[in-house]
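Data block below; observations after.
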Amino acid sequence: MADLGSTANLAAADKGAVAAAPGTDEKDAKRNFNYPLVKICDMAEELRVEAVDMVVTAVEKHPGNFEAAAQNIKELMDKRCGNSWHAVVGEGYGFEVTHEMRNLLYMYFGGNLGVLVWKAS
Amino acid sequence: MKSVRRTKIAPDAPTLGRTASMHSLRSANGDDNNGGGGEDWLPPKVLLKPAGQLQLTETELNEELTRILNANNPHAPQNIARFNHRERVFKASPNVDHLVVHFEFDGYMSYKNVDESSAPAPVKDSVAVVEPPSGEAGTATEEAGTPTPAAEAGKDGGEGLEEKAKEEEQKKPKGPLRNQFNFSERASQTINNPFRERWTNTEPPPQRTLSDTVNQWSIYDAYVEDQLQKEKAKAKAPAGGAGAKGLKDEDKNILPTETHTEDVYYKNTDLRRALIIIERMANQNTFDEIAQDYKYYEDASDDLTPSKGSLLPLWKFLCEKEKRKQVTALSWNSRFSDFFTVGYGSYDFSNQGPGMVAGFTLKNPSYPEFLYVTDSGVMSLDFHPQHHSMIAVGLYDGSVAVYSMQEKSDAPLFKSAPKAGKHTDPVWQVSWQKDDLDGNANFFSISTDGRVTQWTLLKTELNHTDVIKLRLEMQSPQEIEGSIDDGQLFSLAGGSCFDFHKQLDHLFVVGTEEGKIFKCSKEYNNQYLLSFEGHQMSVYAVRYNHFHHNVFISASADWTVKLWDHDEDKPIMSFDLNSSVGDIAWAPYSSTVFAAATADGKVCVFDLAENKYEPISEQQVVRKAKLTHISFNPFEPVLLVGDDKGQVISLKLSPNLRKKNKSGDDEATKLKNIILIARGQSPTD
């Protein structure tokens with residue numbers, strides 16, 4: 001399910017890339033930004049792919065409900081690779097977190113969401 | 001009741017002190033004096049009076065004061081007023097509590113002869129000493145504060161117990177005795193298992209802090225940038241091969257600029273200086289132990305075996321770039337005791353290549369201070385004894401060069417031109433001589449082409465003069481006369497080493513590959529002054545003694561080291577070292593000490609004053625390598641040996657190896673005497 005969702009998004013993104021030539025109006029652009037954009041990530045490649053999928057699934061599952069999405073991400077990650085994961089989903093926030101190295105994902109999604117997932121015990 | 005002790009303890013307690021009679025005070029003092037019983041011999045005690053004591057006359061002192069003790073507590077409040085609820089007024093309470101409890105003790109045990117003890121249950125006696133708040137009261141309270149309250153308390157308790165026991169006899173019911181002071185308690189304790197704590201501390205997983213702010217515009221910017229990059233990538237992708245080429249071009253562009261910046265980096269003199277200092281610091285840290293040994297370690301076993309010595313290996317100098325080269329020359333700087341140069345080349349005919357001159361300091365064993373690369377292998381080099389920065393170098397291709405450390409460039413200051421007087425065979429030794437009459441520096445070189453050549457450093461060029469051609473067979477003067485025209489037919493001996501007489505500038509000895517040693521003079525260029533026969537194989541080194549100027553020593557491939565007087569054609573002494581002797585050197589501090597480096601990796605140090613037959617130290621310095629050269633530091637007790645693996649090892653001489661004159665003789669006389677003994681004559685002074 002998650003895989004399907006993400007690939008669909010990625011495909012959309014590719015299309016978006018072509019369409020997003022300079023001059024297209026903002027609405028178009030915003031619609032085209034409907035793909036995950038990993039900003040900072042120090043995870044292993046395999047884990048990263050999986051985590052991005054989880055985030056995408058969770059956010060799509062709970063549209064507009066960031067709290068539920070964040071909780072969903074956290075639970076999935078806890079299940080996937082050990083306890084003490086934290087997730088933040090939101091449109092605007094500042095953060096300073098201490099995380100275990102190789103366990104951090106900071107990504108944008110859907111053109112208006114910032115998602116931060118990290119592990120710290 | 002006399003309260004003697006109290007008055008002593010608290011003489012100024014007003015209420016109590018008044019009643020005490022002075023008489024009793026005195027008698028108390030008397031008691032104290034006699035208290036020891038039979039201590040009459042003690043000096044009489046002198047009464048120490050407090051400053052403010054009343055002066056009383058004798059009659060006053062003798063006056064008897066009657067003291068009445070009553071049962072009123074002087075501390076008890078006399079004017080207690082309580083609110084009377086019935087009458088709703090405050091009323092003074094007439095009941096003043098005069099009871100003072102001085103001591104209270106709960107007893108656990110009872111004496112078995114007392115009936116009281118027959119109580120059915122263990123009696124818990126409550127004993128209280130109740131006394132009227134008289135003068136005695138103060139005593140008891142005060143004494144309770146003294147260090148032994150327990151003893152007092154016990155006494156009081158005991159008395160009280162007995163008194164009370166009789167009083168309360170009737171009240172208590174009688175029964176069988178249960179507790180008669182003969183307890184028998186039994187207890188045992190099992191061993192407690194010792195506690196043990198064990199813990200480990202794992203390293204926490206590495207952590208990092210990240211901070212950022214998420215907001216709509218930053219998200220938007222990130223997406224836009226991502227889109228632009230994707231577009232760029234797409235634009236490049238169709239280009240295909242062209243793109244790859246472009247990348248390669250970029251690489252090419254990057255590389256040269258990088259090396260360029262690096263160059264600038266190293267040429268910055270300030271930075272260079274800082275780097276050198278840091279390098280020194282690092283080395284000082286790394287080799288601190290060796291440096292300590294170099295300065296302070298003395299082999300303790302030398303005291304036990306006075307006729308043996310040892311060599312302590314110190315730093316090893318290895319030039320990474322010249323690992324496959326052999327050490328072909330060593331020369332200490334005559335001014336800086338820690339500085340020396342090493343020549344790298346190859347003795348192997350089939351394995352020739354560029355050579356190298358490296359200048360090392362003992363302070364930095366890890367990397368040379370400077371490096372000069374030469375076209376051909378370096379075979380010999382020599383530091384100028386006065387001009388400390390000048391190095392003469394002899395190369396395998398027969399040319400000679402002069403380097404100056406003061407020059408900024410790595411190119412030689414002078415180099416012999418291929419046409420002008422260049423040797424045709426490797427230059428086996430170069431040696432600076434005193435400046436000539438015009439003040440020009442000059443040096444000599446010897447080569448297997450049979451020539452000894454003098455090179456003079458003029459302003460712009462290197463001038464050469466052939467000093468002698470080494471004829472293999474030296475004819476008698478008549479024969480030379482006859483055949484002087486066809487001199488070319490004579491085959492020449494291959495010179496391999498030479499050394500100048502320390503005092504007579506014109507005199508020198510030459511060792512040849514044929515094993516012969518010739519004494520020559522600059523003045524006679526086709527005649528030997530003397531020919532020394534003794535060696536069967538190539539002579540690798542000849543050295544004049546530093547003190548006894550007529551004595552020199554030679555080292556040869558025929559495993560022997562021979563000691564000669566340059567006026568005799570037969571050796572005075574011969575030492576067999578069981579291996580080809582690569583080099584030999586006289587110690588600068590003693591006339592009788594010399595060291596030899598052999599092809600089986602041993603360094604042999606002889607002290608003829610100690611032992612004329614055996615080396616006093618024979619030490620394996622390297623394994624699987626031949627030692628090629630050896631050199632004494634002119635100032636410090638340090639020996640350098642080079643091997644054919646490109647390694648130079650510094651060795652510290654133990655105290656026995658650097659003994660100077662024992663008898664106080666002149667160094668030259670010492671060696672002279674030894675030579676006389678060797679010849680079978682008696683030594684003279």
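The C-beta contact set for the range B:291-309 (first residue in the same structural domain as B:E614 (by TED's automatic domain parsing), second residue open to solvent by 70 Å² or more (accessible area, probe 1.4 Å), distance under 8 angstrom, 6+ apart or interchain) comprises B:A291/B:Q284; B:S301/B:K308; B:D302/B:K308.
Could you check the range B:449-465 and list, in sequence order, the residues that are farther than 16 Å from B:V393 by Cα and surrounded by fewer than 17 Cβ atoms within 10 Å (Cβ to Cβ)?
Listed by number, the residues that qualify are B:L458, B:K459, B:T460, B:T465.
Number of residues in the range B:198-221 that are at the interface with another protein chain (Cβ under 7 Å from one of its Cβ atoms) and closer than 23 Å to A:K119 by Cβ equals 10. Where helices (runs of 4 or more DSSP H) fall wholly inside the range B:1-91, the ranges with 3 or more residues that are modelled with pLDDT of 80 or more are B:58-62.
Of all residues in the range A:34-58, those satisfying the criterion of being under 9 Å from the mean Cα position of the chain (by Cα) and within 13 Å of chain B (Cβ to nearest Cβ) are A:Y35, A:P36, A:L37, A:V38.
Name the residues in the range B:584-598 that are in contact (Cβ under 8 Å) with a residue 40 or more places away in the chain and either in a loop (DSSP other than H, G, I, E, B) or of a type in the set (V, I, T) (or both), would you? Those that are in contact (Cβ under 8 Å) with a residue 40 or more places away in the chain and either in a loop (DSSP other than H, G, I, E, B) or of a type in the set (V, I, T) (or both): B:I584, B:A587, B:P588, B:Y589, B:S590, B:S591, B:T592, B:V593. Listed conditions (1) in contact with a Lys or Arg (Cβ under 6 Å, 6 or more places away or on another chain); (2) buried (at least 16 other Cβ atoms within 10 Å of the Cβ) are all met by B:Q620, apart from (2).
Can you say whether B:Q503 is closer than 23 Å to B:W559 by Cα and either at pLDDT 85 or above or among the polar types (S, T, N, Q) (or both), as far as the supplied structure shows? So B:Q503 does not fit the description; no. Of all the listed residues (A:G64, A:G111), the sole one being at pLDDT below 90, within 15 Å of the chain's Cα centre (by Cα), more than 10 Å from every other protein chain (Cβ to nearest Cβ) and closer than 27 Å to B:W217 by Cβ is A:G64. Can you confirm whether B:P176 is more than 9 Å from chain A (Cβ to nearest Cβ), exposed (fewer than 14 other Cβ atoms within 10 Å of the Cβ), at pLDDT below 90 and not in a loop (DSSP other than H, G, I, E, B)? It is false that B:P176 is more than 9 Å from chain A (Cβ to nearest Cβ), exposed (fewer than 14 other Cβ atoms within 10 Å of the Cβ), at pLDDT below 90 and not in a loop (DSSP other than H, G, I, E, B). When B:I277 is evaluated against the numbered criteria (1) outside any strand (DSSP E or B); (2) of a type in the set (V, I, T); (3) under 23 Å from B:S617 (Cβ atoms), which criterion, by number, is the only one it fails? Among (1) outside any strand (DSSP E or B); (2) of a type in the set (V, I, T); (3) under 23 Å from B:S617 (Cβ atoms), the lone unmet condition for B:I277 is (3). With respect to (1) at the interface with chain A (Cβ under 10 Å from one of its Cβ atoms); (2) exposed (fewer than 15 other Cβ atoms within 10 Å of the Cβ); (3) at pLDDT below 90; (4) outside any loop (DSSP other than H, G, I, E, B), the lone exception for B:K236 is condition (1).
Just checking, does the range B:607-618 include any residue being farther than 19 Å from B:I677 by Cβ, in a loop (DSSP other than H, G, I, E, B) and either free of Cβ contacts under 8 Å to residues at least 60 places away in the same chain or hydrophobic (A, V, I, L, M, F, W, C) (or both)? Checking the range B:607-618: not a single residue is farther than 19 Å from B:I677 by Cβ, in a loop (DSSP other than H, G, I, E, B) and either free of Cβ contacts under 8 Å to residues at least 60 places away in the same chain or hydrophobic (A, V, I, L, M, F, W, C) (or both).
A count restricted to the range B:512-557 and to residues that are closer than 12 Å to B:D499 by Cα and in contact with a Pro (Cβ under 9 Å, 6 or more places away or on another chain) stands at 2. Here the condition is being open to solvent by 30 Å² or more (accessible area, probe 1.4 Å) and not basic (K, R); of B:N656, B:N611, it holds for B:N611 alone. Scoring B:S574 on the criteria (1) open to solvent by 20 Å² or more (accessible area, probe 1.4 Å); (2) farther than 17 Å from B:D499 by Cα; (3) assigned to a loop (DSSP other than H, G, I, E, B) leaves a single failure, condition (3). Quick one: is B:D382 open to solvent by 50 Å² or more (accessible area, probe 1.4 Å), among the acidic types (D, E) and under 23 Å from B:C497 (Cβ atoms)? It is false that B:D382 is open to solvent by 50 Å² or more (accessible area, probe 1.4 Å), among the acidic types (D, E) and under 23 Å from B:C497 (Cβ atoms). Scanning the range B:343-360 for residues that are more than 19 Å from B:L413 (Cβ to Cβ) and surrounded by 19 or more Cβ atoms within 10 Å (Cβ to Cβ) turns up B:Y344, B:G345, B:S346, B:F360.
Just give me the residues in the range B:425-448 being among the aromatic types (F, W, Y) and either surrounded by fewer than 22 Cβ atoms within 10 Å (Cβ to Cβ) or under 15 Å from B:H384 (Cβ atoms) (or both), in sequence order. Step through it out loud before you land on a result.
Of all residues in the range B:425-448, those among the aromatic types (F, W, Y) come to B:428, B:432, B:443-444.
Residues satisfying the conditions are B:W432, B:F443, B:F444.
Within the range B:222-233, being touching a Phe, Trp or Tyr at 6+ places or on another chain (Cβ under 9 Å) and more than 7 Å from chain A (Cβ to nearest Cβ) holds for one residue alone: B:V224.
The values are calculated or read from the model by the stated rules, or taken from the named source; none is laboratory data. Computed from a predicted model, the values in this text were never measured in an experiment. For neighbour counting, all protein chains shown are included, and Cβ atoms are generated from backbone atoms with ideal geometry for every residue, glycine included. In case anyone asks, the SASA skips ligands and DNA or RNA and just uses the protein heavy atoms, side chains included. Shrake-Rupley method; radii C 1.70, N 1.55, O 1.52, S 1.80 Å.
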